[in-house]
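What follows is calculated from the coordinates using simple rules that are stated; it is not laboratory data. Keep in mind that what you see is a predicted model, and the values were worked out from it rather than measured. Note that we place each Cβ from the backbone using ideal geometry, even for glycine, and neighbour counts take in every protein chain shown.
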6 protein chains.
Amino acid sequence: MTTLDRLLTLLALDSLPRTGWLQAGVPAPESVAAHSLGVALVAIATADRVAPPLDVDRCVALCIVHDAPEALLGDMPRAASRLLPEGAKRAAEKGAAVELLGSAERVAAQRWAEYAQGVTREARFARACDKLHLGLRALGYARAGLGELTDFSRGVDELDCGEFEPLEQLRAELSAALRERLDRR
Amino acid sequence: MTTLDRLLTLLALDSLPRTGWLQAGVPAPESVAAHSLGVALVAIATADRVAPPLDVDRCVALCIVHDAPEALLGDMPRAASRLLPEGAKRAAEKGAAVELLGSAERVAAQRWAEYAQGVTREARFARACDKLHLGLRALGYARAGLGELTDFSRGVDELDCGEFEPLEQLRAELSAALRERLDRR
Amino acid sequence: MTTLDRLLTLLALDSLPRTGWLQAGVPAPESVAAHSLGVALVAIATADRVAPPLDVDRCVALCIVHDAPEALLGDMPRAASRLLPEGAKRAAEKGAAVELLGSAERVAAQRWAEYAQGVTREARFARACDKLHLGLRALGYARAGLGELTDFSRGVDELDCGEFEPLEQLRAELSAALRERLDRR
Amino acid sequence: MTTLDRLLTLLALDSLPRTGWLQAGVPAPESVAAHSLGVALVAIATADRVAPPLDVDRCVALCIVHDAPEALLGDMPRAASRLLPEGAKRAAEKGAAVELLGSAERVAAQRWAEYAQGVTREARFARACDKLHLGLRALGYARAGLGELTDFSRGVDELDCGEFEPLEQLRAELSAALRERLDRR
Amino acid sequence: MTTLDRLLTLLALDSLPRTGWLQAGVPAPESVAAHSLGVALVAIATADRVAPPLDVDRCVALCIVHDAPEALLGDMPRAASRLLPEGAKRAAEKGAAVELLGSAERVAAQRWAEYAQGVTREARFARACDKLHLGLRALGYARAGLGELTDFSRGVDELDCGEFEPLEQLRAELSAALRERLDRR
Amino acid sequence: MTTLDRLLTLLALDSLPRTGWLQAGVPAPESVAAHSLGVALVAIATADRVAPPLDVDRCVALCIVHDAPEALLGDMPRAASRLLPEGAKRAAEKGAAVELLGSAERVAAQRWAEYAQGVTREARFARACDKLHLGLRALGYARAGLGELTDFSRGVDELDCGEFEPLEQLRAELSAALRERLDRR
């Protein structure tokens, strides 16, 4: 694929709704693109307070490519991960990343691989931001009265963000706010 | 899961858009539920003209359950089938069917298994209706000016419906109508 | 109309939202197509437990055509039935069914007529599934926090499914679950 | 109904899509509310050029209530008018108007009745604006590439707006612009 | 612009969602067009009970043009008014009104200017209807469980409609109904 | 605002449609969030080929915050810029950026300011990516048959990306592909 073909294929992220929200009954939920941006915004809003310092900009770059394969594969929800054979989803994502982000010497491909491996501190940070954005989006829907969100709230309770203090603080606030909202219903 | 839990989970078919149409740029495309119904309507509109006779009602029942697993798995597009390891998608669907349609003595589970195996004439007929409905929906979008449909049109050209004469006739009409529409653009 | 013309006209079921949900404030509600499929899924999930046995596949076929006329007529809500002259809606549906499903010797037309007359056990069963799917969809919306559903909940309370034991059991579960949800709000 | 109940019921006009556009394959088409406003805007943009002078403001008031009954009845498309018994739709609309707009001494009810009777010059003008707005909206969709619009274009060709010169001029422009657009496709 | 160009540009009101509702998390909220119609319906449902009498039809005409500039400018939410320099929004609206509604001798332009100046009783009445429709729409969403509406509810509490008795009564009913709904959540 | 409040406010980017596409008649167009992500993807797919080298990750970070103020202000289309007093939009964006991204020592605020000033090579590059993404999205819509895109196509023709060779190459490809598509219609 040329760069133009890749970018045209990636446009599909605009219109792909996140499957998990549909299954939770949220009407017209966020797209995969909106989620990817949201994760990057969580990262840039918190990474500069982490000690020892992170490469904030690289964290952002990891976030914006982490779900790029979904432009080809669609957004497979939690049940798909559970029901597909071990490693199958990961293999498909790797293949899709090569098609969409190019060979290993390209920066986009390097950032995706770093995120997927989850070894560097920046990658671990970006992965935690991905989980926290799920909780943030759940709180947004909870405040607007939308969706069946108990499982999402529990997910935030059980998250471990201890490695990055600003994320742990955000997690605790999200957890408390979600519980308070959902109890009220 | 109880019957009620299963039926509540199957409601997700309402709001899951068919991923392939999103990737082709069709705005607000049909849901998986609408597709499943559409396949069944193709079947009931043509099966009674097939010789030797088919069990029309069983054909319909095969159609309405054939995509039920997507309520759990989401709608994996063509590229997912290509990029997942051989047999992975099929295995996940089988697992989802058990959760959603029950054990092997239930009629719903039997109909899904018959469709998946594709051995009986009714199953082969229902599978052809699934493909034809894709062409029908493409023609509908083509007439409304929506989406990039060349690949879908080619798919209809290459389909082989020779076993069932009324389907072969419908295929030929769809093929001609799609080509005429897309040439005009 | 040719078979192809009929099938193209029936595609409109995809995009017709159910008017009653719009009036109840549910955003982006199910289509008529999704409802028709849902009724068929209720049928296939329960019909094989009915004694004495039903023709399960014919029940399914009755369900998938029962709202076909709405492709021409739109989805007239309860208030339309109340305000139209006696018998007017039924007459229009009969005319639309002839255009969309063909003459009396076609299976699709026979199934629609059987449902409309409501005389056979299978037809009575399918009609009960139609009502129960309304309750099921209401419960789905209630769990997602959507819509003003008190009237729908009352409708489930007042339904009589005594003829078919698995439906009566489902009705009771729906009724209890709806009441519990709506009280909480 | 109290005034508040009536106004709450009329909110449904917001979310009711115009059925004819859905049947023509237009994705996410205008609501009945948007159509009603659009008719009023056509009226106010042209009525002050009509000779002899019209009561411009009353024309506007006729337009904004003309489809109010659809809040209860839904939007019945052309085929419904054709297939319902003679006079049935009109009777239902009259009943709905009484519930939604009040008794005969209220201005809203008077404006609706004047439009429905179509006797005064203002009513004939408002009814012509209703038809022209259909053509205008069709041209908007044609320019955006949406929907199968040949029938709508023909409708504008056949309209007779000779009584009101500014409307006849607009009709001619719409007719030419629609034909030019649709020929191009 | 010709009249046709203006009317085509005004079609954008159909698809512009009201930004404030999006920010409050309401899914698929009313369009600017639907809001404009709704304000006019509040006016016609109440103006004929005001003493001394108002020109009811002119009130309606003021309502239908009041947001016309948004077809060019988009719907700027409350925060935009707060953050733009004093008078900037008003100046832009005035410029847009000239482009969309024509020069000062046209009735549409006169009605917009009368509303914008807010001096006549009819203009003050129409402006109060604009505010009340916000409360009405909020109550509709509250009854359907949608959106974070506390600020909107407070807005209705603080409104002063004392000049027009039927509006003050409606305001009081809205205020009570909103508070009751929101407390329940 | 706390970090959590800011992130909750930024969620609105998910559901804000880009006003320009609505005005061009594109149904259900991309959100501001999807646009922001898309600009960042254009940047990461091309920046590593620019000579002399750019800070690729910082380019990405500039892109993801550049439209953050729209979470408060809504998406003001081209006509708003034209009709608002000189500098008014910029002032409002600056105010919104402070509320949403924090004070000047925060990285998010620094990236936004760098983009807004447009002085560094990275900022000029990100601004060019913003313009090119508009052309890319237009080509995506053109291929799907959606929207009236002539103005957007002309915009790509007139763009000057000469400073960054990979962007100039992409611009030329977009320009040719858009012209070819739009001529065909």
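Fewest neighbouring Cβ atoms within 10 Å first, the residues A:Met1, B:Met76 line up as A:Met1, B:Met76. Look at where the Cα atoms of region C:28-65 and of region B:8-83 average out, and the two centres are 15 Å apart.
Counted by Cβ distance under 14 Å from B:Leu167, the other residues give a net charge of -2, where Lys and Arg count +1 and Asp and Glu count -1. Ranking A:Gln169, A:Ala51, A:Ala28 by Cα position along the charge dipole of chain A, where only Lys, Arg, Asp and Glu carry charges on their C-beta atoms, puts A:Ala28 farthest toward the positive end. Once Rh for region D:53-109 is found with the Kirkwood sum over Cα pairs, what is the Stokes-Einstein diffusion coefficient at 4 °C and 1.567 mPa s, in µm²/s? Calculated translational D: 103 µm²/s.
For region B:137-185, GluC sites (Glu not before Pro) meeting the loop criterion (DSSP other than H, G, I, E, B) and having at most 16 other Cβ atoms within 10 Å: B:Glu163. Nearest-to-axis residue in chain C, judged by Cβ distance to the rotation axis that brings C onto F and given in whole Å, is C:Ala28, 5. Take D:Gln169, push a point 7 Å out from Cα through the beta-carbon direction, and compare it with the same point in every other copy: 4.5, 5.5, 5.5, 6.7, 7.4 nm, smallest first.
For region A:102-128 and region F:120-148, what is the centre-to-centre distance using only Cα atoms, to the nearest Å? Between the Cα centres of region A:102-128 and region F:120-148 lies a distance of 26 Å. Within region A:17-100, which GluC sites (Glu not before Pro) sit in a loop by DSSP and count at most 10 neighbouring Cβ atoms inside 10 Å? Filter output for region A:17-100: A:Glu86.
A point 7 Å from Cα along Cα→Cβ stands in for B:Pro52, and the other copies hold the same point at 2.9, 8.0, 8.3, 8.3, 9.3 nm, listed in rising order. Distances between equivalent label points of A:Lys94 across the copies, with each point positioned 7 Å along Cα→Cβ, amount to 2.4, 5.1, 6.6, 6.6, 7.5 nm, shortest listed first. Under the simplified labelling scheme, the D:Glu163-E:Ser81 pair shows an inter-label distance of 4.1 nm, with each label point 7 Å from Cα along Cα→Cβ. Each principal axis of the Cα cloud of the protein assembly as shown was evaluated for its coordinate range; sorted largest first, these ranges are 78, 77, 57 Å. Kirkwood analysis of the Cα pair distances in chain E returns a hydrodynamic radius of 17.1 Å.
Cα-based radius of gyration for region B:132-185, normalised by 2.2 N^0.38 Å, reads 1.05. Using all C-alpha to C-alpha distances in region F:14-117, build P(r) with 5 Å bins and read off the rounded percent in each one. All Cα pairs, binned at 5 Å, distribute as 2, 12, 19, 21, 20, 15, 9, 3, 0 percent.
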